[in-house]
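Worksheet for the structure shown next.
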Amino acid sequence: MIDHDQNFKELLSTFFLEFLHLFVPQIASTIDSNSVTFLQQEYFADLVEGEEKIVDLLVSVQQEGTDTTFLVHIETQANSQANFNQRMFFYFARLHQKHLQRIYPIVVFSFDEPKRAEKDAYSVEFPELKVLDFRFKSIQVNRLNWRDYLTQQNPVAIALMAKMRIAKEDRPKVKAECLRLLVTLRLDPAKTRLISRFVDTYLRLDSREEKIFEKEIDKMEVRQKEEIMEAMTSWEIKGMEKGMEKGIGVGQRSLLQRLLTRQLGALPDSAIAQIESLSLEQIEALSDALFDFRSLEDLMQWLNQHLA
């Protein structure tokens, strides 16, 4: 099962300011980047559902050049629920009562269906008096067009493209574009893997789509293609090494063969036979050496040396 809440919380907390710059730039532009403080989790009874509620993200920020602070409250909603607009007002009221600060409320609707626009307001009024007009910033990912974000040098945009409105035939192309944009950001390895893992989770391709995806990569400039292939190899190697640390051996050799084939072309039967005979320690050593290979001859030389 996919833990949607955790995936989105990790993404938005890691790239909080990038998220704001993407969707509420007028707010992001006023924030002192050094003032961002994630507050401890807030617990309170959900008056609608009758259960305990944990606020997803509550962040204290300061307006640049001033002593004025305010809170940003972000909720991620993985399924459509009736009266969620009312619940958001209740959350706002409880937080405002406790902190007595201005609060900017944001909801990220991350579900695939339905695609109708979700409510972003809650009001109480009479014919002669509007008692309440509460509104929050609504970001409904399944109503966003991925093509509108192709020029955004923003890690949150890259990640969320995998959840946006995508025609079935465009899925391989979108994944290729996500990786193309990702390698241009030059993020540190941990953040790069976070985005890559997010895209892989929500944009899983079948075998037919994988072939189309590889063709999309082949269309790119040589430098871009090399960077993407090296990055993909690195991410997959890291995943394989984690499996080794847990003592999981099944599929490691086949994964390594696939990575070698991707980098060097079809492997001869003799090389495959040698790889099959490697120990786990030798597989790990070969995964490290992989980045230095430029030809099949380099691979064969390595195998001959380590299996002599």
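The values are calculated or read from the model by the stated rules, or taken from the named source; none is laboratory data. Just so you know, these numbers come straight off a predicted model, no measurement behind them. Counting neighbours? That spans all protein chains shown, and the Cβs are built from the backbone with ideal geometry, glycine included.
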Which ones in segment 95-115 are touching a helix residue (DSSP H, G or I) at 6+ places or on another chain (Cβ under 9 Å) and free of Cβ contacts under 8 Å to residues at least 60 places away in the same chain?
Q101, R102, I103, P105, V107, F109, F111, D112, E113, P114, K115
Which fully enclosed strands (runs of 3 or more DSSP E) of segment 30-94 have 3 or more residues being at pLDDT 90 or above and in contact with a helix residue (DSSP H, G or I) (Cβ under 8 Å, 6 or more places away or on another chain)?
57-62, 69-77
Checked segment 185-201 for anything under 11 Å from P155 (Cβ atoms) and assigned to a helix (DSSP H, G or I); matches are L185, K191, T192, L194, I195, S196, F198, V199
Out of all the residues in segment 202-223, which are at pLDDT below 90, of a type in the set (A, V, I, L, M, F, W, C) and outside any helix (DSSP H, G or I)?
L205, M220
Take the conditions among the aromatic types (F, W, Y) and modelled with pLDDT of 95 or more and apply them to Y149. Does it pass?
yes
Enumeration of residues in segment 2-26 that are touching a strand residue (DSSP E or B) at 6+ places or on another chain (Cβ under 8 Å), among the aliphatic types (A, V, I, L, M) and in a helix (DSSP H, G or I)
L12, L17, L20
Residue count, segment 180-231, condition of a type in the set (G, A, S) and crowded, with 16+ Cβ neighbours inside 10 Å, comes to 2
Are there any helices (runs of 4 or more DSSP H) wholly within segment 269-308 with 2 or more residues that are closer than 13 Å to Q257 by Cα and without any contact (Cβ under 8 Å) to a residue 24 or more places away in the chain, and if so which?
269-276
